[in-house]
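Chemist: Have a look at the structure that comes next, please.
Every read-out reported here was derived from the displayed coordinates using simple, explicitly stated rules and does not represent laboratory data. What you see is a predicted model; the values in this text were computed from it and never measured. Every residue, glycine as well, gets a Cβ built from its backbone with ideal geometry; the counts of neighbours run over all protein chains shown.
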Amino acid sequence: MTASGFARSGHQDSFARDNLPPRESWPDLRVEEAGLAYPERLNCVAELLDRHLAEGRGDRTAVIASDLHWSYAELADKVNRIANVLTRDLGLVSGNRVLLRAGNTPMMVAAYLAVIKAGGIAVATMPMLRAGELAYPLRKAKIALALCDHRLTAELEGAKAQVPGLARIVAFGSADSELDALMAQPGYAHFEAVDTARDDVCLIAFTSGTTGEPKGTMHFHQDMLAICDCYGARVLKASPEDRFTGSPPLAFTFGLGGLVLFPMRIGAAMVLPERAGPADLIDAIERHKVSVVFTAPTAYRAILDKLDGRDIASLRICVSAGEALPKATFDAWQARTGMPLLDGIGATEMLHIFIGAPREKIRPGSTGIPVPGYEAKIVDAEGRDVPDGTPGRLAVRGPTGCRYLADARQANYIIDGWNITGDTYLRDADGYFWYQARSDDMIVSAGYNIAGPEVEACLLTHEVVAECGVVGAPCPDRGQIVKAYVVLREGITGDDVLVKVLQEHVKAGIAPYKYPRAIEFVEALPKTATGKLQRFALRQIARGET
Ligand code: 3UK
């Protein structure tokens, strides 16, 4: 270790270390306390990929997509070829950032791993982002090189016109794409992982930012393994025979962990559906006998409506994250499939899930208990512990944690070394954590604090409700009233009678003061790129601003 507390960097380009927050505003990173130990010299791709070949598992299936099957050896070949192109043809120097733009395709996985193996820093972006949205990470992370699915170059070219620093876009994914052609050069099949430090940054993941500018969260090589060795090994407990799939984009750390890192850590296979709607997921599960699935609560609900005549018996582990899992969805899934849903709260800042009970400890309706290796507590506005049963701010610490790229908002996320996620939770006497709302989403009506998600969970227990979002709407008398936006199931039409029925349903299910005084039926709800309900957009609608 050097005097700065870092291991000696393997990066020639020191951008990441230069732009990490000052040490005093870091969270406590409790690696040893979590029972983890990583060598000072560590390239996570050597561990996740090369180790399987060295230990004789090269023939095992790594990636499945439609008719494509790649073994670990084949994946390693692609990764090595791309890493050689990056360093020999494209001038990549270790520590450089590389923007990645693609859907959940095998080449996206290979490109991600290649950038990291070559000592670069991956900055992955979602396929739906437009030129203006791509310009932000390009500028913020000072990115000169992008690898892009050949079908998605147009918006990136638009961003390049705005950001002179982006010197080069290299397309991949078809026989005549530039990257694919360069990869075929002789002598490119081998590539030794660049000798990076365990605390060198290898990933900058931008938050999907419901408000304000996105934040770039910086993660180390050791973080990639830590999430596998905590959540993966201690809660998920999958086996090398499992096949993983799911819907979250690989640019979202929920997807990167669930679809790529967790299976690769144990030599299991990932199944990457070209599209990832509910019907596509069912197709993938049925066709490729998937056993582990990662998706959002709304997707489980949508899948339930489409299960008639389908065979998903291969499934054995189903993880729900990204948004609170309503008890109604948990119950309906269990009733229909006989399986529990593994709820888990994660965050881009924490890289992956830090609270979530293993199957044998689930309490329906609760997010669960801290993942072994992580600690969680509830604090008040001043950062003091509150008694069990009292709602307050969720604070967590563990082997991973928040380090924003050059961003003053670092100070808002960390108190005394604990990560403050922005969620209001309560802990019960048994140590289980119960989600209330995003801290800034609490509705205050006539002096009562009402959590929108609790009202949503109750509405979802009514059979006509497909999806809903509940926010505060301005009201001269009460400050705010509870307003519900409801998407009805197919074939149902909303009218005043149904409004009354739903209001009575809520009054009968939870404390009557929480019932939605206003209900509006809508065709769809505003969602972020990662599929989360945009409550701030609903609030704007409720305020009549759109
Ligand atoms: C909310 C949840 C209740 C919560 C994520 C798994 O969602 C992920 O990361 P984001 O940065 O958002 C973080 C915020 O989302 N949330 C997530 N899961 C739950 N709320 N119950 C849940 N189970 O507000 C949190 O602060 O987009 C999830 C793995 C990796 C991730 N990045």
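Chemist: Let me have the 222 nm mean residue ellipticity of the chain computed from DSSP H runs of 4+ only, each contributing -39500 (n - 2.57), with the sum over all residues rounded to the nearest 500. Spell out each step's value before the answer.
Modeler: Values: 16 runs with 136 residues, N = 546.
Using -39500 (n - 2.57) per qualifying helix, the result is -7000 deg cm²/dmol.
Chemist: Here's another thing I want to ask about it. What FRET efficiency comes out for the pair Asp59/Glu382, r = Cβ-Cβ distance, R0 = 56 Å, nearest 0.05? Before the final figure, lay out each step's value.
Modeler: Details: r = 57 Å, r/R0 = 1.03.
So the FRET efficiency works out to roughly 0.45.
Chemist: So, by mean Cβ neighbours within 10 angstrom, what's the order for 397-408, 156-167, 380-391 with the highest one leading?
Modeler: Details: 397-408: 23.3, 156-167: 16.1, 380-391: 11.6.
Top to bottom by mean Cβ count within 10 Å: 397-408, 156-167, 380-391.
Chemist: Sort segment 442-542 into rounded, prolate or oblate with this rule: let a ≥ b ≥ c be the square roots of the eigenvalues of the Cα gyration tensor; rounded if a/c is under 1.5, and if a/c is not under 1.5, prolate when a/b is larger than b/c, oblate otherwise.
Modeler: Values: a/c = 1.62, a/b = 1.13, b/c = 1.44.
Oblate is the answer for segment 442-542, as a/c is 1.5 or above yet b/c matches or exceeds a/b.
Chemist: Identify, among Leu86, Ala537, Pro474, the residue whose Cα sits farthest towards the positive end of the charge dipole of the chain, taking +1 on the Cβ of Lys and Arg and -1 on the Cβ of Asp and Glu, with the dipole about the Cα centre.
Modeler: Working it through, the farthest residue towards the positive pole turns out to be Pro474.
Chemist: How many angstrom separate the Cα center of segment 7-61 from the Cα center of segment 320-375?
Modeler: Taking the Cα centre of segment 320-375 as reference, the centre of segment 7-61 is 27 Å away.
Chemist: Could I ask something else about it? Output the peptides 35-48, 288-301, 227-240, 505-518 sorted from most to least packed, where packing is the average of other Cβ atoms within 10 Å over each peptide's residues.
Modeler: Details: 35-48: 18.8, 288-301: 23.1, 227-240: 20.9, 505-518: 16.6.
So the order, starting with the most tightly packed, is 288-301, 227-240, 35-48, 505-518.
Chemist: Please give, to one decimal in nm, the separation of the simple spin-label points placed at Lys289 and Glu192, each 7 Å out from Cα toward the Cβ.
Modeler: The answer from the label model is 4.1 nm.
Chemist: Moving on to the next point. Between rounded, prolate and oblate, where does segment 1-45 land on the alpha carbon gyration tensor, with a ≥ b ≥ c its root eigenvalues, rounded for a/c under 1.5, else prolate if a/b exceeds b/c? Display every interim value, and only then the final one.
Modeler: On the way: a/c = 1.93, a/b = 1.17, b/c = 1.65.
Oblate, because a/c is 1.5 or more while a/b does not exceed b/c.
Chemist: Could you please state, rounded to a whole Å, how far the C-alpha centre of segment 72-138 is from the C-alpha centre of segment 177-243?
Modeler: 10
Chemist: Hey, what do the phi angles of segment 128-138 turn into as Karplus ³J(HN,Hα) couplings, whole Hz, using 6.51/-1.76/1.60 and θ = phi - 60°, x for Gly and Pro?
Modeler: Taking θ as phi minus 60°, the curve returns 7, 5, 9, 3, x, 6, 6, 4, 4, x, 4 Hz for segment 128-138.
Chemist: If neighbour count is taken as other Cβ atoms inside 10 Å, put Lys327, Lys306, Lys140 in order from fewest to most. Can you show the working numbers first?
Modeler: Details: Lys327 16, Lys306 13, Lys140 20.
Ordered from fewest to most neighbouring Cβ atoms within 10 Å, Lys327, Lys306, Lys140 come out as Lys306, Lys327, Lys140.
Chemist: Now a separate question. What does the extension gain come out to for Ala335 and Arg234, with contour length at 0.36 nm per residue minus their alpha carbon separation? Please report the intermediate quantities before stating the final value.
Modeler: Numbers: separation 101, 0.36 × 101 = 36.36 nm, distance 2.60 nm.
Full-extension gain reported as 33.8 nm.
Chemist: Could you compute the net charge surrounding Asp428? Neighbours are other residues with a C-beta less than 14 Å from the C-beta of Asp428; K and R count +1, D and E count -1.
Modeler: Numbers: positive: Lys361, Arg363, Lys377, Arg427; negative: Asp388, Asp430.
Its environment carries a net charge of +2.
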